[in-house]
Amino acid sequence: MLEITKESIEKAIEKARITKPKVKVLEFRRYAVTNKTTGANYEVKFYKIGNQKFGECNCKATKICYHIGASIGAHIVLAEQMHTATA
Ligand SMILES: [Zn+2]
């Protein structure tokens, strides 16, 4: 589990913009990310503990990877929708 910081996620989002992996929502906070070139599938999960956000990916990366960067866009949209839905 890796802490999501502004710096780390910005780099990951930037890389995701270049590589453009396919993101599929499995459930809230759980995403399947597919590398369109290699066809490799990865699973990304998000956690929130207090005010800290964490991300987890089952690829080999030891820091916030672009799979997490690609998923967070979908995650933010979904989280906002859930917020407005209960309001
Ligand atoms: Zn990854």
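Some points to look at:
Residues are listed down the side, and each one gets a yes or a no for (1) modelled with pLDDT of 95 or more; (2) of a type in the set (S, T, N, Q):
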residue	(1), (2)
Tyr31	yes, no
Lys48	no, no
Glu56	yes, no
Thr84	no, yes
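- Of the set (1) surrounded by 15 or more Cβ atoms within 10 Å (Cβ to Cβ); (2) away from the ligand (no atom under 15 Å from the Cβ), all apply to Met82 but (1).
- Options Lys53, Lys24: the member that is closer than 14 Å to Ile68 by Cβ and in a strand (DSSP E or B): Lys53
- Residues that are in contact (Cβ under 8 Å) with a residue 24 or more places away in the chain and surrounded by 15 or more Cβ atoms within 10 Å (Cβ to Cβ) were ranked within the range 20-39; the one that is farthest from Gly55 (Cα to Cα) is Pro21.
- Considered as a group, the residues in the range 56-69 that are assigned to a helix (DSSP H, G or I) and without any contact (Cβ under 8 Å) to a residue 60 or more places away in the chain include one that is nearest to Arg30 (Cα to Cα), and that residue is His67.
- Residue selected from the range 40-64 under the condition surrounded by fewer than 16 Cβ atoms within 10 Å (Cβ to Cβ) and of a type in the set (Gly, Ala, Ser), by the criterion nearest to Ala85 (Cα to Cα): Gly50
The values are calculated or read from the model by the stated rules, or taken from the named source; none is laboratory data. Bear in mind the structure is a predicted one, so any value in this text is a computation, not a measurement. Because the Cβ atoms are built from the backbone with ideal geometry, glycine has one as well, and the counts that use them run over all protein chains shown.
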